[in-house]
Amino acid sequence: QELVKLLHKALEAAQQEKRVSNMYLTATEDKDRLELVRHKVRQIADLTSRLEALEQEKKELEQILTLRDSHIQELKEHVQLLMEKNHAKQEVIMTLTEQMARELSDPLQEANTITVETLYKQQEEIEHLKDDIDAYKTQNQFLNSEIHQVTRLWTRVAENEKALLMKCACLQARNCQMESKYLTVLRKLQEAVPGLPNSHAELVKNLIQEALQWDVKEEAEEGFNLNPVSEYDEYGFMTVPDYEIEDWKLLAKIQALEIKSNKLRSQEIVEKPLRDRWNSIGELNPCAELKSLIRSGIPVEHRQRVWWWMVSRHCSPAPGHYQRLLEQSRSTEHPACRQIELDLPRTLTNNKHFSSPTSQLIPRLRRVLLAFSWHNPAIGYCQGLNRLAAVALLVLEDEESAFWCLVYIVENIMPADYYSETLITSQVDQRVFKDFLSEKLPRLMAHFEQYCIDVSLITFNWFLVAFVDSLVSDILLRVWDAFLYEGTKVIFRYALAIFKYNEEEILRIHDSVEIYQYLRFFTRMITDGRKLMNIAFNDLNPFPMKLLRNRRSMHREELEAELCELEQIKAAYVKERAEQGP
């Protein structure tokens with residue numbers, strides 16, 4: 001095919017040459033022939049230049065070929081060198097192999113050699129292990145399917161258990177309500193005992209005694225617990241305090257049952273979502289959402305952390321300060337030491353951590369109160385501080401943290417002179433509270449005025465110790481949650497809410513003695529903490545802090561003027577007595 005192509009090209013060139021020659025011969029004029037000759041000369045020149053270019057290219061290719069030949073020669077020499085090195089290495093390897101063979105043939109090294117039989121045994125073991133692995137894989141697949149089935153069964157059982165627990169909680173709540181109603185009926189019968197025949201009165205008395213002696217432990221031993229009220233709560237408070245008055249015992253048990261019933265009913269609807277919201281909070285920062293959560297009540301597992309955050313945010317505890325105060329109290333006896341010792345046995349007597357002189361928290365409470373009396377000489381010690389410090393100890397647990405919590409309450413939350421000798425600011429707050437009571441609950445205040453009831457006889461202690469020993473622990477600690485975050489305004493809100501909660505019951509009483517008797521224990525009639533919270537923070541709005549400050553300022557001026565006038569009367573009386581002689 002290449003030859004045919006060349007012949008075709010040669011033929012085409014010959015034909016072209018023939019055509020040109022014919023044109024040259026047929027040309028009639030010299031001018032045309034001259035043009036043909038010139039064309040031919042141009043072709044010759046073009047071919048000559050192409051020939052020169054090809055010659056130049058040929059020379060370049062020859063140079064490249066020469067360079068490549070030299071490079072190939074170098075590579076051959078390098079290969080020869082590598083082969084020689086390889087040969088030398090082979091000789092070294094052979095030498096070492098022979099040396100190793102000689103060493104292996106030595107009878108002293110036979111014990112360390114791996115014989116062919118050993119290799120076969122190892123291979124057999126490897127094969128067995130591979131078979132075991134395959135068997136285990138098959139078994140694992142089977143077990144995985146069984147685990148999947150068991151997981152589905154467990155999920156189903158867990159769902160059934162949850163449904164049964166909810167049903168049990170509802171039944172327990174209903175049982176609490178039934179028992180509470182039964183105790184209420186007994187209490188009503190007890191009030192009517194004077195008008196009953198002796199046999200009926202004795203029966204009522206026996207029924208009351210039996211109801212008060214119901215023991216949770218006995219029913220738990222029987223394996224069927226119809227009374228879900230435990231003896232103590234999470235912080236050691238007795239759920240049913242051991243009051244001397246039988247009527248109060250009944251009320252306390254009714255209240256405990258109602259509170260437990262409300263808790264059981266709100267567990268899934270309110271408490272669980274609230275706990276989930278608390279669990280989702282990481283770092284604490286003041287905001288409207290946190291304020292709302294704190295007002296709703298801090299769960300037990302978060303309360304210690306949140307309280308300490310609130311205390312340390314305002315108080316800035318100084319390192320080593322508490323230890324220095326303890327050293328000072330050990331070296332020098334404080335004048336308030338005797339009063340502190342008298343108050344220790346009277347602190348939270350319904351709490352197992354303080355009910356006995358040998359209780360673990362009593363020495364801690366003593367140290368906290370002594371440290372505070374040295375820390376704040378202007379106050380030293382005031383009755384009521386023992387209860388504040390005791391609650392702080394129960395929640396914060398750490399002794400020094402409880403001390404700073406007490407400092408935070410007395411020096412940051414409460415106004416100045418609240419715990420001074422004259423308790424002047426405490427008295428001012430009672431007058432301010434009466435103003436708010438007249439504005440928020442006018443019917444109730446008019447009822448009190450009609451029967452000459454001074455509510456400060458009841459409420460003074462509420463304000464001084466922030467409701468400690470007045471409210472049950474579940475509600476008390478919710479009050480303290482908001483109190484530590486928002487300040488004294490919370491005490492006013494809850495004090496008004498307590499009266500609002502029992503307003504209708506109080507309005508039904510038309511005797512001053514009976515009203516005072518009712519007010520002595522009416523906080524024990526509060527069973528729904530959520531309802532009380534809604535009254536305090538929703539029904540009593542608006543409640544601006546500016547108004548509270550203005551009222552305090554106004555009543556303080558009035559009270560100081562009255563005290564000044566009283567001092568003048570006292571001085572005049574002393575002077576008059578001195579002039580009259582003995």
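Taking 0.36 nm per residue of sequence separation and removing the Cα-Cα distance, the ALA378/THR66 pair yields an extension gain of 101.2 nm.
Could you report region 469-567's accessible area per residue, 1.4 Å probe, as an integer in Å²? Display every interim value, and only then the final one.
Details: 4320 Å² over 99 residues.
The answer is 44 Å² per residue.
Taken about its Cα centre, region 272-345 carries a charge dipole of about 300 debye when Lys and Arg each add +1 at the Cβ and Asp and Glu each add -1 at the Cβ. The aspartates and glutamates within cross-link reach of LYS5, meaning a Cα-to-Cα straight distance under 15 Å and a gap of 8 or more places when in the same chain, come to none at all. With R₀ fixed at 25 Å, the C-beta to C-beta distance from GLU12 to ARG50 puts the FRET efficiency at about 0.90. Near TYR232, the amide H atoms lying under 5 Å from its own belong to THR239; only residues 5 or more places off or on other chains count, and H is placed 1.01 Å from N. Built from the Cα atoms of region 268-413, the convex hull projects on average onto 10.0 nm², one quarter of its surface area.
Given a Förster distance of 41 Å, report the FRET efficiency between VAL4 and GLN80 from their Cβ-Cβ distance, rounded to the nearest 0.05. The partial results should precede the final answer.
Working: r = 48 Å, r/R0 = 1.17.
Given R0 = 41 Å and the Cβ-Cβ separation, E is 0.30.
In sequence order, region 91-101 has phi-based couplings of 4, 4, 4, 4, 4, 5, 4, 4, 5, 5, 4 Hz under the Karplus curve 6.51 cos²θ - 1.76 cosθ + 1.60, θ = phi - 60°, and Gly or Pro positions carry x. Counting Lys and Arg as +1 and Asp and Glu as -1 over every other residue whose Cβ lies under 12 Å from the Cβ of GLN323, the net charge comes to 0. Since only VAL41, GLN56, ASN86 are under comparison, the one whose Cα sits farthest along the positive direction of the charge dipole of region 1-95, derived from C-beta charges on Lys, Arg, Asp and Glu, is VAL41.
How would you classify region 1-95 from its alpha-carbon gyration tensor, with a ≥ b ≥ c the square roots of the eigenvalues: rounded for a/c under 1.5, else prolate if a/b is greater than b/c, otherwise oblate? Show your work: numbers first, answer last.
On the way: a/c = 15.83, a/b = 3.64, b/c = 4.34.
Oblate shape, in that a/c is at least 1.5 and b/c is the bigger or equal ratio.
Pairs from the list LYS272/LYS489; LYS291/LYS500; LYS9/LYS58; LYS434/LYS546; LYS434/LYS489; LYS291/LYS546 with a Cα-Cα gap above 21 Å: LYS272/LYS489; LYS291/LYS500; LYS9/LYS58. Split the accessible area of region 444-530 by element, probe 1.4 Å, and carbon with sulfur accounts for 48%.
Would you list SER331, SER456, SER438 from the most to the least accessible area, probe 1.4 Å? If you can, show how the numbers build up before the last one.
Numbers: SER331 90, SER456 20, SER438 50 Å².
Reading off the accessible areas and sorting them downward yields SER331, SER438, SER456.
In terms of accessible area, using a 1.4 Å probe and ignoring ligands and nucleic acids, THR347, THR97 rank largest first as THR97, THR347. Across region 273-283, coupling constants 3J(HN,Hα) worked out from phi with the 6.51/-1.76/1.60 Karplus curve, θ = phi - 60°, read x, 5, 5, 5, 5, 5, 5, 7, 7, x, 6 Hz, and Gly and Pro carry x. With a 1.4 Å probe rolled over the protein heavy atoms of all chains, the accessible area of ILE526, ILE64 falls in the order ILE64, ILE526, largest first.
Residues in region 546-553 carry Karplus couplings, in order, of 4, 4, 4, 5, 5, 5, 4, 4 Hz; the curve used is 6.51 cos²θ - 1.76 cosθ + 1.60 with θ = phi - 60°, and Gly or Pro positions show x. Only protein heavy atoms count here; on that basis, with a 1.4 Å probe, ARG577 has an accessible area of about 140 Å².
Charge tally for GLN304 (other residues, Cβ to Cβ under 12 Å; Lys, Arg +1; Asp, Glu -1): -3.
The values are calculated or read from the model by the stated rules, or taken from the named source; none is laboratory data. For clarity, every value in this text was computed on a predicted model and none was experimentally measured. Please note: Cβ atoms are built from the backbone with ideal geometry, for glycine as well, and neighbour counts cover all protein chains shown. All accessible areas refer to the heavy atoms of the entire protein, side chains included, with ligands and DNA or RNA removed. Shrake-Rupley method; radii C 1.70, N 1.55, O 1.52, S 1.80 Å.
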